[in-house]
Amino acid sequence: MGVKRSIYLALMGFMLFGFSVASNAQTKEELEKRRREIQQEIASLQKAQSDISKDKKASLSELKLLERKLRSRYAVIDNLNDEVRLIDNTIFSNNREIYRLQKQLDTLKQQYARTIEYAYKNRSSYDMLNFIFTATSFNDAVKRATYLKSYRKYRHEQVDNINRTQKEMSDRINLLTQNKQEKSKVIEEQHQQKELLESEKNEKNQFVTKLKAREKEIEKEVAAKRKVERSLQNSIAAIIKREIEAAKRKAEDDARKAAASNVAAPAAKPAASSSTASVAPIRKTNVLENTPEVTKVSVGFENNRGNLPWPVDKATITSSFGRQRIEGTKIEEDNGGITIQTVSGSAVKAVFEGVVTTVYDVAGSQTVTIKHGKYFTTYFNMSSVNVSKGSKVSMGEVIGRAGENFDGEGEIVFMVNEELRFVNPELWLKRK
């Protein structure tokens with residue numbers, strides 16, 4: 001029973017080890033995939049920075065690219081830290097398994113040695129023919145023959161168990177060696193990334209010093225941008241308020257008509273989205289969702305949070321959502337959306353199906369706002385527009401072309417509203 005139990009434990013240990021290695025390998029693959037994505041983002045930021053830096057004048061756009069590149073570099077280093085921790089856990093697990101297998105191997109060898117020693121001391125008694133022929137009956141002889149056969153099989157099993165355990169331990173030792181080599185490579189890459197980080201920090205510090213020389217000029221640029229930003233946000237708020245008021249009037253008219261005909265006004269039912277398997281059964285009533293079709297668009301937009309396509313190809317965010325202080329200065333920005341650098345004249349696309357509420361001009365730049373149920377997306381700083389008020393658009397449909405910023409670089413501003421509330425567009429777009 002003791003030998004069988006040892007075999008069982010060895011097999012279970014091997015199975016658990018296999019599962020653990022597969023699980024860790026998958027996690028390691030995920031880490032490596034994410035690291036490749038971040039490094040591609042860094043390469044994209046580097047190219048965008050090179051394009052901007054052709055103009056020798058220090059600009060806010062370049063500073064923001066430098067800051068994003070630094071954040072991405074920190075993310076690569078954090079990713080490598082996670083991988084080192086994962087490898088350390090695997091090394092610990094392998095060391096523990098090698099120790100267990102060594103103890104098991106010692107026990108198996110001791111058991112086998114005792115069996116050989118006992119067989120040697122009693123070899124005359126174990127002569128097969130003599131042992132069988134001294135049986136007192138035929139049944140006794142059969143039992144003795146079966147016993148000898150079982151004993152021989154048991155000794156073969158002992159040898160097999162020893163060989164199997166030795167192979168398992170050898171495989172573990174090989175894995176441990178591979179783990180240590182992997183760790184060395186990751187640590188070496190980590191060291192290289194830290195050197196790049198220090199170089200990029202110095203680059204940024206030198207750039208900030210260069211930028212300070214233009215602080216007054218930049219302050220004027222930011223003031224002009226802030227004025228445009230306020231005008232854009234006010235225009236969007238006015239458009240959404242008009243949509244809400246129009247929806248309320250329609251709801252009141254429907255209610256009056258229903259009362260006049262003594263028929264209850266049909267309530268808008270939430271529609272299931274094709275992009276998800278289930279939708280919450282209870283949905284808060286919203287005046288903008290006045291038909292099942294409109295509600296379906298709202299739900300679809302919600303269910304695509306974090307998975308919406310980008311409004312332009314070759315996109316790099318140069319200004320993030322919210323309040324930010326420009327390093328090295330007293331200047332602050334407060335953005336209601338994100339600024340995306342792209343190639344001037346690039347196609348600007350709708351990120352989701354909807355209806356164009358308005359095409360309008362803000363500070364000389366053409367702007368489009370699209371309604372997606374209770375959500376709105378706005379595309380500002382376009383050089384041309386392909387759609388008109390009331391147009392139905394589909395996801396990915398080209399609605400215009402990207403314009404240029406103060407420095408002559410291709411750029412658009414992208415905003416997302418949930419009714420009147422401005423929300424962070426980065427949380428809705430698919431991660432590159």
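Side notes on the structure shown:
- Over the range 180-255, volume per residue of the alpha carbon convex hull, in Å³: 127
- Given R0 = 35 Å, the distance between the Cβ atoms of L196 and S394 translates into a calculated FRET efficiency of 0.25.
- A cut-off of 5 Å between modelled amide H atoms, ignoring neighbours fewer than 5 places along the same chain, links W428 with G306.
- Average projected area [Cα convex hull, the range 215-427], square nanometres: 13.1
- Whole-number D in µm² s⁻¹ for the range 306-391, Kirkwood Cα-pair radius fed into Stokes-Einstein, 20 °C, 1.002 mPa s: 149
- Given charges at Cβ of Lys, Arg, Asp, Glu: the range 215-427 dipole, positive-most of V351, S298, V385: S298
- Cleavage-rule hits, chymotrypsin sites (Phe, Trp or Tyr not before Pro), the range 360-427, DSSP coil, Cβ neighbours within 10 Å at most 14: F406
All of the numbers you see were taken from the coordinates with simple rules; none came from a lab. None of these values were measured; they are calculated from a predicted model. We place every Cβ from the backbone using ideal geometry, glycine too, and count neighbours over all the protein chains shown.
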